[in-house]
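A short worksheet on the structure shown next.
The values are calculated or read from the model by the stated rules, or taken from the named source; none is laboratory data. No experiment lies behind these values; they were computed from the predicted model shown. Here the Cβ is made from the backbone with ideal geometry for all residues, glycine too, and neighbour counts use every protein chain on show. Side chains included, ligands, DNA and RNA excluded: accessible areas come from the protein's heavy atoms. Shrake-Rupley method; radii C 1.70, N 1.55, O 1.52, S 1.80 Å.
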Amino acid sequence: MKVRALRRHTPSLLLFAALLVIWQLVPPVLKIREYLLPAPAAVVRAALSFSIPWHTHLWVTAIEILGGFALAGAAGVALGVAIAWSPTIARALVPFLVFVNTLPKVAVAPLFLLWLGYGILPNLLIAALIGFFPVVINTAVGLTQVDDELLDLGRAFGAPTWKVFLKIRLPNALPYVLSALKITATAAVVGAIVGEFVASQAGLGMVIVNAQTNLNTPVAFAALLWISIIGLALYGAVGLAARWWAPWADTT
Amino acid sequence: MIVLDGIGMTYLADSGPVEALRDIAFTVDRGELVALVGPSGCGKSTLLRIIAGLRPATAGRVAVDGRSVTRPIAAVGMVFQAPVLLKWRRIVDNVLLPAELAGLNPSEYRARAGDLLRLVGLGDFGDKLPRELSGGMQQRAALCRALLLDPPLLLMDEPFGALDAMTRDELNLELLRVWGEGSDQRKTIVFVTHSIPEAVFLADRVVVMTPRPGRVASVVPIRLPRPRTTATRASADFGALTLQIHDILSRPA
Ligand SMILES: Nc1ncnc2c1ncn2[C@@H]1O[C@H](COP(=O)(O)OP(=O)(O)OP(=O)(O)O)[C@@H](O)[C@H]1O
Ligand SMILES: [Mg+2]
């Protein structure tokens, strides 16, 4: 199993390593300056350097991402359940949610800043706002895409609605929700960083903005590296959860 | 006992009304095994749902055990045309589902679930997920699910349609055992099938339906001796009945 997984990932790992080598070796030959494209070694050095309080920034950004992700997941499932539960609620809620989802979140960020001030909360909310919609839709779809015969079975045995919901609809929706959460994981990263770009006193997004004004490109790349590590870790965790909780569905 | 009186069913589809059933009238006695044959789309599945109280008919009246059917009837075992198992549950937990839905304690039915799975040749597959089983095996698991609570009435919609001929013949014999052939504690079974030999082999009477809108073309009593065995299929009477039903089905309506 392990060996097979390794073999499956070999091509992508090889490609990744090759790109790193090219990236390290080619720019000096072409005399590309470091502030335009720092070499991988310089990026790693910057990422591990103590001259920048990485742990503070990592902490702030991670809280925004994870908090936004959790909020998007919880609110998304709750709204999806409400929509699946009652057609009236669905008719009332769906147009409004579609409207909220089409709002450009970058444009909302300054408003959050205005209302909530600097800090983690506005960025967390942007992260949540950008990632909640797929969860709503997939939850509602997963709860309603159930074979009629299964629902008939419930009725034939006189099962109360809540029991059919708990034993048939909810497990049916689980893989749908989990695959939406993968999208949410990536979206939450974007949301948090966008929020920090607009305004923040700490966080990896802010590090990028500052590094850019100082032409300290290795640090910007290092921040990017940390962001992608958080993003990949979250995405991987959701993927593992999907395999663990919904092994019957092949979500890849 | 099931009484069908003037049953009609018209679906209101987006493309307009579809008349699926017209003026269906027959009875099924307690302890009787009645097979329902008819061309595809003549309303056999629809009729089973109406008997089960899962869909209201648009005309006529159904009564089961003297009571008018106006909502899903209790104590019925349904086998649908497709297995419809819960993908996330192991086979044995799928078989136990009716106990849970009916508010009974599933652990009290575990032994019975195991017996039923062994009966249909799935003894070693209780711990597997449905997708690890073939379509025919899934259908057998669905049969076990229908039998779990030992319902006095079984409504079966082409339960063995997805099986190879040999397994199907075996399960037919098994079904007759489950039914209680030869005892006076028999279940009542309505059995839909596409296979005329299967209908003749199992049934006390075969209800032959016309193409859509489905009506009763004929009710053919099957007076073959019981218990039925593999030898039954070889008898001259068996062949004659099969042919007779075949003729009714291919007669222009
Ligand atoms: N929910 C529905 N809405 C509209 N029309 C329907 C619906 N269900 C069935 N029908 C129509 O009613 C007719 C009878 O359908 P039914 O499934 O009862 O046939 P059947 O005899 O079981 O066919 P088969 O042998 O292929 O299973 C068909 O023409 C079908 O198109
Ligand atoms: Mg059918």
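Give me the dipole magnitude in Debye, nearest 20, for region B:85-150 about the Cα centre, with unit charges on the beta carbon: positive for Lys and Arg, negative for Asp and Glu.
200 debye
If you roll a 1.4 angstrom probe over the protein chains with everything in place, what fraction of the accessible area of region A:132-212 belongs to carbon and sulfur, to the nearest %? Provide the component values of the computation, followed by the final result.
Numbers: 1850 of 2970 Å².
The nonpolar share, carbon plus sulfur, comes to 62 percent.
Threshold 10 Å², probe 1.4 Å: give the residues of region B:32-62, in number order, that are less accessible with all protein chains present than with their chain alone.
Output list: B:49, B:54, B:55.
Convex hull over the alpha-carbon atoms of region A:43-245: what's its volume per residue in Å³? Don't skip to the end; give the middle numbers.
Numbers: hull volume 24.7 nm³, N = 203.
Once divided by residue count, the hull of region A:43-245 is 122 Å³.
For the B and A pair, go ahead and give the buried accessible area with a 1.4 Å probe, both sides summed, in Å² to 100.
Summing both sides, the interface buries roughly 2100 Å².
Can you give the net charge of the other residues whose Cβ lies under 13 Å from the Cβ of residue A:83, counting K and R as +1 and D and E as -1?
On the way: positive: A:91, A:169; negative: none.
My count for the surroundings of residue A:83 gives +2.
Per residue, how much accessible area does region B:1-117 show when a 1.4 Å probe rolls over the protein heavy atoms, in square angstrom?
Numbers: 5030 Å² over 117 residues.
Here the residues of region B:1-117 average 43 Å² of exposed surface.
What number comes out for accessible area per residue over region B:163-253 if the probe is 1.4 Å? Units Å², please.
Spelled out: the 1.4 Å probe surface of region B:163-253, per residue, equals 50 Å².
On the protein heavy atoms, probe 1.4 angstrom, tell me the percent of accessible surface of region B:85-150 carried by carbon and sulfur.
Summing carbon and sulfur atoms, their accessible area is 46 percent of the total for region B:85-150.
First measure r as the distance between the Cβ atoms of residue A:213 and residue A:155, then evaluate 1/(1 + (r/R0)^6) with R0 = 56 Å and state the FRET efficiency to the nearest 0.05.
Working: r = 65 Å, r/R0 = 1.17.
After rounding to 0.05, the efficiency reads 0.30.
What order do you get for B:174-182, A:237-245, A:204-212 when each peptide is scored by the mean count of other beta carbon atoms within 10 Å, highest first?
A:204-212, B:174-182, A:237-245
Largest first and to the nearest Å, give the Cα extent of the protein assembly as shown along each principal axis.
Largest first, the protein assembly as shown extends 97, 51, 48 Å along its Cα principal axes.
Enumerate the helices in chain A for which the Kyte-Doolittle hydropathy averages 0.5 or more and the C-alpha atoms extend at least 18 Å along the helix's axis, using complete DSSP H runs.
Membrane-span-like by this criterion, though nothing is claimed about a membrane: A:2-30, A:54-85, A:87-102, A:120-144, A:170-198, A:217-245.
Residue A:121 to residue A:86: FRET efficiency via 1/(1 + (r/R0)^6), r the Cβ-Cβ distance, R0 25 Å, to the nearest 0.05?
The formula returns an efficiency of 0.20 here.
With the other protein chains left in place, how much accessible area per residue, in square angstrom, belongs to region A:43-245 at a 1.4 angstrom probe?
Numbers: 9800 Å² over 203 residues.
It amounts to 48 Å² per residue over region A:43-245.
Rounded to the nearest 500, what is the 222 nm mean residue ellipticity of the protein assembly as shown from helices alone, with -39500 (n - 2.57) per DSSP H run of 4+ residues and division by all residues?
Mean residue ellipticity at 222 nm (helix-derived): -18500 deg cm²/dmol.
Out of the DSSP beta bridges found with both residues in the protein assembly as shown, what percent are antiparallel (nearest 5)? Spell out each step's value before the answer.
On the way: 21 of 39 bridges.
Taking every DSSP beta bridge with both residues in the protein assembly as shown, the antiparallel ones total about 55 percent.
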